[in-house]
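Reviewing the structure listed below.
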Amino acid sequence: KAGVTQTPRYLIKTRGQQVTLSCSPISGHRSVSWYQQTPGQGLQFLFEYFSETQRNKGNFPGRFSGRQFSNSRSEMNVSTLELGDSALYLCASSRQPGALLWRGYTFGSGTRLTVV
Amino acid sequence: KNEVEQSPQNLTAQEGEFITINCSYSVGISALHWLQQHPGGGIVSLFMLSSGKKKHGRLIATINIQEKHSSLHITASHPRDSAVYICAVMNTDKLIFGTGTRLQVFP
């Protein structure tokens, strides 16, 4: 079966621009969560969606937002990009939400965003 | 100070060596996870622990709740074990990640 698909794989943007990243979960998975990974901070949780509703949110500014569609595909948007937003953005999907069910999560390969 | 600390940050080994990666945390947890991330970026869950020890093939994970410490061991390491290993703890309703240990195993 197809895995979690993230598009695009690589992206270069300039400061002040906005960006939208896409995540298509595994068929049948209704939960999608997003993570930011940087060399200095490691992995940090952004938010989780289940059945089109945001279920949980990490400690990120309001410039970071997301949504989930009825087909479970999810997008995340970052507005007014800053240099510090350069990172690998990973999404993961699972049948049910909740990090306790971590072992049921499948990760995509990520989108590497570079802000210049 | 990070709530989850891993050591070492980088580790190189010769094929066949015994590897240990350590994780210490300073918050209360309900579970601890060991994750493996390959160069392509994808992450795989290796273990979820709340007490004791778990073994899967050449991988062994232990946790000491009183000392707030966990270790991941790899016996008879192989170049295909080269990856970043990440410790993550479940604190209330959120996961807190360590910054990872980059392991390179040379033939």
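The table that follows gives values for the structure above.
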{"item": "Cα-based Rg of the range B:1-91 normalised by 2.2 N^0.38 Å, two decimals", "result": "1.05"}
{"item": "Total lysine pairs under 24 Å (Cα atoms) in the protein assembly as shown, excluding pairs fewer than 8 apart on one chain", "result": "10"}
{"item": "Relative contact order for chain A, counting Cα pairs under 8 Å that sit 6 or more residues apart, in percent", "result": "37"}
{"item": "Nitroxide proxy distance, nm - points 7 Å out along Cα→Cβ at B:THR75 and B:VAL27", "result": "3.4"}
{"item": "Rule-of-thumb Rg ratio for the range A:40-113 [Cα; 2.2 N^0.38 Å; N residues]", "result": "1.11"}
{"item": "P(r) of the range B:49-107 over all Cα-Cα pairs, binned every 10 Å from zero, in whole percent", "result": "19, 47, 28, 5, 0"}
{"item": "Isotropic mean projected area of the C-alpha convex hull, the range B:28-77 (nm²)", "result": "4.1"}
{"item": "The range B:1-65, relative contact order in percent, only Cα pairs under 8 angstrom and at least six apart counted", "result": "21"}
{"item": "Euclidean distance between Cα centres, the range A:29-51 to the range A:52-67, Å", "result": "9"}
{"item": "Kirkwood Rh in Å, taken over all unlike Cα pairs in the protein assembly as shown", "result": "18.0"}
{"item": "Dipole of chain A, positive end: most advanced residue of A:GLY28, A:GLY58, A:GLN44 [Cβ charges, Cα centre]", "result": "A:GLY28"}
{"item": "Label-point separation, A:SER79 to B:ASN64 (7 Å along Cα→Cβ), nm", "result": "5.0"}
{"item": "Dipole in debye (nearest 20) - the protein assembly as shown, about Cα centre, beta carbon charges: Lys, Arg +1; Asp, Glu -1", "result": "440"}
{"item": "Linear extension gain, A:SER27 paired with A:ARG95, 0.36 nm per residue minus alpha-carbon span", "result": "23.6 nm"}
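Read-outs: derived from the displayed coordinates by stated rules, not from any lab. As the structure is a computational prediction, the values presented were derived from the model and not from experiment. Here Cβ is always computed from backbone atoms with ideal geometry, including for glycine, and neighbour counts include all displayed protein chains.
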